[in-house]
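Please treat every number below as a calculation from the coordinates, not as lab data. Computed from a predicted structure; not experimentally measured. Heads up, the Cβs are rebuilt from the backbone with ideal geometry, glycines too, and the neighbour counts pull from every protein chain shown.
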Amino acid sequence: MPVRPLPPKPSLQHLKHQAKDLLQHHAERRPGVAQRIREFHPRFRDASDAQIFAAPLKLSDAQLTIARESGFPSWPRLKRHIEHPTLAGRLDLPHHERIEDPVFRRAVDLLDAGVVAGLREHLRQHPALSQQQVIFEGGNYFRNPTLLEFVAENPTRRGTLPQNIVEVAKVLLDAGVTQPALEETLGLVASSLVAHQTGAQIPLINLLCAYGADPNDALRTALIYGEFEAANELIRRGARVDLPAAAALGRTQEAGRLLSTASSDHRHWALALASQLGHIEIVRMLLDSGEDPNRYNPVGGHSHSTPLHHAAAAGHLELAQLLVERGAALDLKDTMWQATPAEWAKHEGKPEVEEYLRGEESKRNPVR
């Protein structure tokens, strides 16, 4: 789920009120609140709505949820960001301009400029750099990147990559990187719009896999963001096609074969991905097998919304009709913007879907 970005001049008092509201909404058993707590409170990561509502929630729990929802690991870290702002906390700046360590910043500048010899020499002079991490707060990813993660240009910082980015990445890989950094970079590359647009995505995927990155975790990341060329390359490199992947790729027969042995988690992911990408027969199959159309999408898969929100936003009318026929709620709001599926359709310029959903709303709630 995307985090709720703080305003330019955040108010700690306002955030305290948000935490108290969260407690109240928890007591009222609002479904969207259960999803927010599941997403952002580590203790409830795998809990059901019923388990979340049954658990006592303290103010400190609510504050932790609000802090993490804002992209900070704890309430004290959020409080410090507001009361004692630093360069690293300038959320209005691109990430490389928030780096306070001049040695690390110099390495990123060399990387961005594609200065291979200079970067290699800089790493020779500062050998710890290749595994050093910087801390960024206020976002939902790219929080503790090493130098290697900067080659993905994800999140977008400059909107471009040097033409020799593969050679640049090889310099960093040869300097020595950790396995987690390797895996994280592959996921960032596989979902990077800039890497795709510059033609660097597939060469970087092949380089990272050649150095030992596992293509499996990156496959789902690529599919979530519709990077199908990257997904197919990862499959070619050995990534397994499980039920969520088959659902995202629209492989109906393969999805049907995998469904009978799939875990609950995989079924949940499959419904989310098939709904986002408009694969109606796979959605029908999953609903027939008992999947709940009103369940928020899984954590990491646009979890602030439901399958109907994404069908509406993408303009998939027949799919929206199927979900509504199978009981999808018309008034269930996403947890980020507090909007219904019809409002998502309106925002994305899908009048046919919006008209259908508004009509169904009128049938369910006739004016007296």
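Brief remarks on what is shown
- Take the Cα of GLN51, step 7 Å toward its Cβ, do the same at GLN24, and the gap between the two points is 2.9 nm.
- All C-alpha to C-alpha distances of the stretch 244-364, sorted into 10 Å bins beginning at zero, yield P(r) values of 15, 50, 28, 7, 0 percent in whole numbers.
- Counted by neighbouring Cβ atoms within 10 Å, the residues ILE82, ILE224, ILE37 run from fewest to most as ILE82, ILE224, ILE37.
- Three principal axis extents describe the C-alpha atoms of the stretch 267-310; from largest down they are 24, 18, 14 Å.
- Per-selection Rg to Rh, the stretch 95-240 - Cα, Kirkwood hydrodynamic radius: 0.94
- Sites THR261 and ALA117 - FRET efficiency at Förster radius 45 Å, r taken between beta-carbons, to 0.05: 0.30
- Loop-located chymotrypsin sites (Phe, Trp or Tyr not before Pro) in the stretch 312-368 (DSSP state not H, G, I, E or B) with no more than 15 neighbouring Cβ atoms inside 10 Å: TRP337.
- P(r) of the chain over all Cα-Cα pairs, binned every 10 Å from zero, in whole percent: 5, 21, 27, 27, 15, 4, 0, 0
- Label-point separation, TRP337 to ARG236 (7 Å along Cα→Cβ), nm: 3.6 nm
- Degrees, to the nearest 10: 215-224 long Cα axis against longest axis of the chain: 50 degrees
- Where only DSSP H runs of four or more residues are counted, the chain gives -16500 deg cm²/dmol as its mean residue ellipticity at 222 nm, each run worth -39500 (n - 2.57).
- Going from the residue with the fewest nearby Cβ atoms within 10 Å to the one with the most, SER191, SER74, SER305, SER264 rank SER264, SER74, SER191, SER305.
- Cut-off under 5 Å, modelled amide H: who pairs with SER303 long-range: none
- The 3J(HN,Hα) values that the Karplus relation (6.51, -1.76, 1.60; θ = phi - 60°) gives for the stretch 80-86 are, in residue order, 5, 4, 6, 7, 9, x, 10 Hz. Gly and Pro appear as x.
- Taking only the Cα atoms of the stretch 12-85, the ratio Rg/Rh comes out at 0.98, with Rh defined as the Kirkwood radius.
- ³J(HN,Hα), Karplus 6.51/-1.76/1.60, whole Hz, each residue of the stretch 317-329, x for Gly, Pro: 4, 4, 5, 4, 4, 4, 4, 5, 4, 8, x, 4, 6
- Taking θ as phi - 60° and the Karplus parameters 6.51, -1.76 and 1.60, the scalar couplings of the stretch 93-102 work out to 9, x, 4, 5, 7, 9, 6, 8, 7, x Hz in sequence order, x denoting glycine and proline.
- Per-residue Cβ neighbour rank within 10 angstrom, fewest leading, GLU352, GLU361: GLU352, GLU361
- The residue among VAL324, ALA181, PRO5 whose Cα reaches farthest toward the positive pole of the charge dipole of the chain, with charges on the beta-carbon of Lys, Arg, Asp and Glu, is PRO5.
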